[in-house]
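Student: Structure below; questions to follow.
The values are calculated or read from the model by the stated rules, or taken from the named source; none is laboratory data. As the structure is a prediction and not an experimental result, all values here were calculated from the model. Reconstructed Cβ throughout: ideal geometry from the backbone, glycine too, with neighbour counts over all protein chains shown. Quick note on the areas: whole protein, heavy atoms, side chains included, nothing else; ligands and nucleic acids left out. Shrake-Rupley method; radii C 1.70, N 1.55, O 1.52, S 1.80 Å.
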Amino acid sequence: MSELHKFLFEGLPVRGLLVRLTDSWREVLLRRAASSSGPYPEPVRQLLGEMSAAGVLMQSNIKFNGALILQVFGDGPVKLAVTETQPDLSFRSTAKVVGAVSDEARLEAMLNVHGKGRCAITLAPKDLLPGQQPYQGVVPLYGDQGEPLQHLSEVLEHYMLQSEQLDTKLILAANDDVAAGLLIQRLPVEGEGNLAGQRNEDEIGLNEAYNRIAHLASTLKRDELLTLDPLTILHRLFWEEPILRFEPLVGDSAPQFACTCSRLRVANMLRGLGQQEVDEIVAEQGRVEVGCDFCGAGYLFDAVDVGELFTPAADQQPGSGTVQ
């Protein structure tokens, strides 16, 4: 059962979140395995699982009223990997693989072969105001010394330090059964000062309490994160620290797989292609078939449906409405 835990270290400027995606993550993989493309290579499954856990952690951490979209893209055999997390923590994830991925491939070998790999985080508000654009931040898959980063957690730590000016420790792990993550972050100032809205951005890398807790978090092994229950993990890591735990999100309130694709969205996408291009597809194939990369749902538009797409609503006749 998927679950999300939030906690604070009492009296210290440090907060944490721990997520375990189980049934929801397995559904992502099962849908992909049942598609015509077949299952992802194992390193891609691991990367997507880590991205799914990270997306839930980041969305829960900022409480943003819109979609948080985490993407990594580049010039390797993995063209793109993306996860999208909604405010209710529902998520969906997919990847586009264009070449062979070795069993030992890490981030550089998958996405940053020639140094063009990037990580982008987009915040897309639910209700965009006129003229408003989604916020997007982009960082290369390199560290401060120009070294290629091999783990998604390192990339996201670097991103959050740049974007939020707050120290962050992120531990991620995934296999075919579980996608999990632990996030530890320094709050701006200690105790009551933080509640009063004060800020202290001069402590980057210098806060002793955060450094101690981040060091403890870094001792968490991959197998422990994947196999131990959250309370056991927190006790093993921080048994000497005063932790204030909040009610966990489990069951129906826990992060869930959900896809936002719909026939209407596909229809709007086809309209964006233009009538000439869509008519050419119908002339060649007899119909337009569109499959959702996230959930595997298929949408079929025959010649009548396509005609309706480019006919004013008042002039339309009932179409086939075929959905696969």
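Student: Checking M51 against (1) open to solvent by less than 10 Å² (accessible area, probe 1.4 Å); (2) touching a helix residue (DSSP H, G or I) at 6+ places or on another chain (Cβ under 6 Å); (3) closer than 16 Å to C119 by Cα, which single condition isn't satisfied?
Tutor: (2)
Student: For the range 92-108, which residues satisfy the criterion of being closer than 19 Å to P39 by Cβ and of a type in the set (A, V, I, L, M, F, W, C)? Can you show your working first?
Tutor: At the first step, the residues of the range 92-108 found to be closer than 19 Å to P39 by Cβ are 92-105.
Once the filter is applied, which keeps residues that are closer than 19 Å to P39 by Cβ and of a type in the set (A, V, I, L, M, F, W, C), the range 92-108 yields A95, V97, V98, A100, V101, A105.
Student: Please indicate, with yes or no, whether at least one residue in the range 171-178 is β-branched (V, I, T), at pLDDT 90 or above and in contact with a Ser or Thr (Cβ under 7 Å, 6 or more places away or on another chain).
Tutor: Checked the range 171-178: at least one residue is β-branched (V, I, T), at pLDDT 90 or above and in contact with a Ser or Thr (Cβ under 7 Å, 6 or more places away or on another chain).
Student: I'd like the full set of residues that are outside any helix (DSSP H, G or I) and closer than 19 Å to Q256 by Cβ, limited to the range 35-65.
Tutor: Step one: filter the range 35-65 for residues outside any helix (DSSP H, G or I), giving 35-41, 63-65.
Within the range 35-65, K63, F64, N65 meet the criteria.
Student: Tell me which residues, restricted to the range 72-87, are over 19 Å from K126 (Cα atoms) and part of a loop (DSSP other than H, G, I, E, B).
Tutor: Of everything in the range 72-87, those that are over 19 Å from K126 (Cα atoms) and part of a loop (DSSP other than H, G, I, E, B) turn out to be G74, D75, G76, P77.
Student: What residue, among those in the range 88-142 that are assigned to a loop (DSSP other than H, G, I, E, B), β-branched (V, I, T) and free of Cβ contacts under 8 Å to residues at least 60 places away in the same chain, is surrounded by the most Cβ atoms within 10 Å (Cβ to Cβ)? Full working, then the answer.
Tutor: Here is the first cut: in the range 88-142, the ones assigned to a loop (DSSP other than H, G, I, E, B) are 88-90, 98-106, 112-117, 126-134, 141.
Those left that are additionally β-branched (V, I, T): 98, 101, 113.
When the remaining residues are screened for being free of Cβ contacts under 8 Å to residues at least 60 places away in the same chain, the result is 98, 113.
Working: V98: 10, V113: 16.
Checked the range 88-142; the qualifying residue surrounded by the most Cβ atoms within 10 Å (Cβ to Cβ) is V113.
Student: A follow-up question, please. In the range 245-269, what count of residues is obtained for those that are exposed (fewer than 14 other Cβ atoms within 10 Å of the Cβ) and under 30 Å from V290 (Cα atoms)?
Tutor: Count: 6.
Student: For the range 288-308, state whether one or more residues are open to solvent by 90 Å² or more (accessible area, probe 1.4 Å) and modelled with pLDDT under 90. First the steps, then the outcome.
Tutor: Within the range 288-308, the first condition is being open to solvent by 90 Å² or more (accessible area, probe 1.4 Å), and the residues that meet it are 289, 293.
Now narrow it down to the ones that are modelled with pLDDT under 90: 289, 293.
Yes: one or more hits.
Student: Taking interchain pairs and intrachain pairs at least six residues apart, which have beta carbon atoms under 7 angstrom, with the first residue in the range 157-168 and open to solvent by 30 Å² or more (accessible area, probe 1.4 Å) and the second of a type in the set (D, E, K, R)?
Tutor: E157/K169; L161/D167; Q165/E201
Student: Could you check how many residues of the range 243-278 are more than 30 Å from V306 (Cα to Cα) and either in a helix (DSSP H, G or I) or in contact (Cβ under 8 Å) with a residue 60 or more places away in the chain (or both)? I'd like the intermediate steps shown before the answer.
Tutor: Residues of the range 243-278 more than 30 Å from V306 (Cα to Cα): 243-257.
Restricting the remaining residues to those that are either in a helix (DSSP H, G or I) or in contact (Cβ under 8 Å) with a residue 60 or more places away in the chain (or both) gives 243-246, 248-257.
So the count comes out to 14.
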